[in-house]
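One structure is given below, encoded as structure tokens.
The values are calculated or read from the model by the stated rules, or taken from the named source; none is laboratory data. Remember, predicted model here, so these are calculated numbers, not experimental data. Glycine also receives a Cβ, built like all others from the backbone with ideal geometry; neighbour counts cover every protein chain displayed.
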Amino acid sequence: MRDDLKQALTEKARDLGFDCVGVTDPAAIAQAGQYFLEFLATGGHGDMDWLAANPQRRSDPRNLWPGVRSVIMLGVNYGPEQDPLSILQARTRGAISVYAQGDDYHDVIKKRLKVLARWLAAAAGCEVKVFVDTAAVMEKPLAQAAHLGWQGKHTNLVSREFGSWLFLGAIFTDAELPRDEAETDHCGSCRACLDICPTDAFPAPYKLDARRCISYLTIENKGPIPREFRKAIGNRVYGCDDCLAVCPWNKFAQAGHEAKLVARDELRAPALSALARLDDEAFRKLFSKSPVKRIGRDRFIRNVLIAIGNADEPVLAKEAERLLTDANPLVRGAAVWALSQLVSRDRFVALADNAAAETDASVRAEWAASMPGGSSDR
């Protein structure tokens, strides 16, 4: 009977647009839980305090819900239509991570999870809870335990069928369902994901220091981008796909078929000059329904200015110069650095003289550090 229920569940999930589904025991990730606690102990999570909050709940699904008996893991393919690394050569264009070029996957997937969970509750007379990257759930280890893929050396999930491109969702239930066999690691001796990282964010295979990760620096980090990483960021204005895109298993990947997750034309390769002119209203309109909207206009413009500083295109200096008077000091500080990379020494000194009345200490520090002869990393 339970085998029939699982088969029906799989068919229903496919009908709803999920590309893969598997079931695991909530006790299956004990080792991953220990690795997670060790990760927190090193401080590798940076300022992501939400990761460190209640770590025991995250490390074992039963601590989140004692009644859980089965964990159903589901994946939706969001494979890109073109190589995500190609835009890195277009220095005057902004590179936005593949996952953020369409609608927010949290919203798209959660609606389907709720439909599937309601179906299961009615079919089995069980209790259910749904999660999409918004609660203390270790989705990737659970996905490996449910045979959806394995955690590669870059710590992300890799699928033999979909490569690097799977959004994950989970349904916890108190129903006992047949388990799938855990997927095994197929990375072998490959180091492609480790070697391509522009900021050396992997201290060892299967270990990530988020504080050095471009995705963390451009999304989670609320302050100025540390100077040591600015040149390496290149034109990445939201996230980074390098370690995902270079994985050899992507040779089996296919473009995603969900229309709401497909990249919008205006987000594939937006001009930095246009992005730099976004005020709060225009930012919200451009990134409506996109995950990018969550970081807010000011942090996003900070990222755009770092990309402008890396563009090696003096005509973009006018965009940075205009933002020297922005209301937000985070933006003003990033504009200072961008100008230090684009204008002559004399011009930069003149701009510094004009900004002598700057009141924010962090922006004054940017002027001092970026001044020719100072600690500039230009």
Can you confirm whether Val237 is surrounded by 18 or more Cβ atoms within 10 Å (Cβ to Cβ), of a type in the set (Val, Ile, Thr), in contact with a strand residue (DSSP E or B) (Cβ under 7 Å, 6 or more places away or on another chain) and not assigned by TED's automatic domain parsing to the domain that holds Phe18?
yes
Quick check on the range 346-354. Is at least one of its residues crowded, with 17+ Cβ neighbours inside 10 Å, out of contact with any Pro (no Cβ under 7 Å at 6 or more places or on another chain), farther than 22 Å from Phe229 by Cβ and not hydroxyl-bearing (Ser, Thr, Tyr)?
yes
Return the residues of the range 305-340 that are assigned to a helix (DSSP H, G or I), in contact with a Ser or Thr (Cβ under 7 Å, 6 or more places away or on another chain) and among the aliphatic types (A, V, I, L, M); say none if nothing qualifies.
Leu316, Val336
Just need a number here: residues in the range 160-206 that are within 30 Å of Ala123 (Cα to Cα) and among the small types (Gly, Ala, Ser).
4
Of all residues being of a type in the set (Ser, Thr, Tyr) and in contact (Cβ under 8 Å) with a residue 12 or more places away in the chain in the range 236-295, which is farthest from Ala90 (Cα to Cα)? Just the residue, please.
Ser290
Would you pick out the residues in the range 64-75 that are within 17 Å of Met138 (Cα to Cα) and either of a type in the set (Val, Ile, Thr) or in contact (Cβ under 8 Å) with a residue 40 or more places away in the chain (or both)?
Leu64, Trp65, Val68, Arg69, Ser70, Val71, Ile72, Met73, Leu74, Gly75
Answer yes or no: is there a residue in the range 86-94 that is surrounded by fewer than 21 Cβ atoms within 10 Å (Cβ to Cβ), closer than 17 Å to Ala259 by Cα and either touching a Leu at 6+ places or on another chain (Cβ under 9 Å) or not small (Gly, Ala, Ser) (or both).
no
Grab the helices (runs of 4 or more DSSP H) fully contained in the range 26-93, keeping just those with 3 or more residues being of a type in the set (Phe, Trp, Tyr) and modelled with pLDDT under 85.
30-42
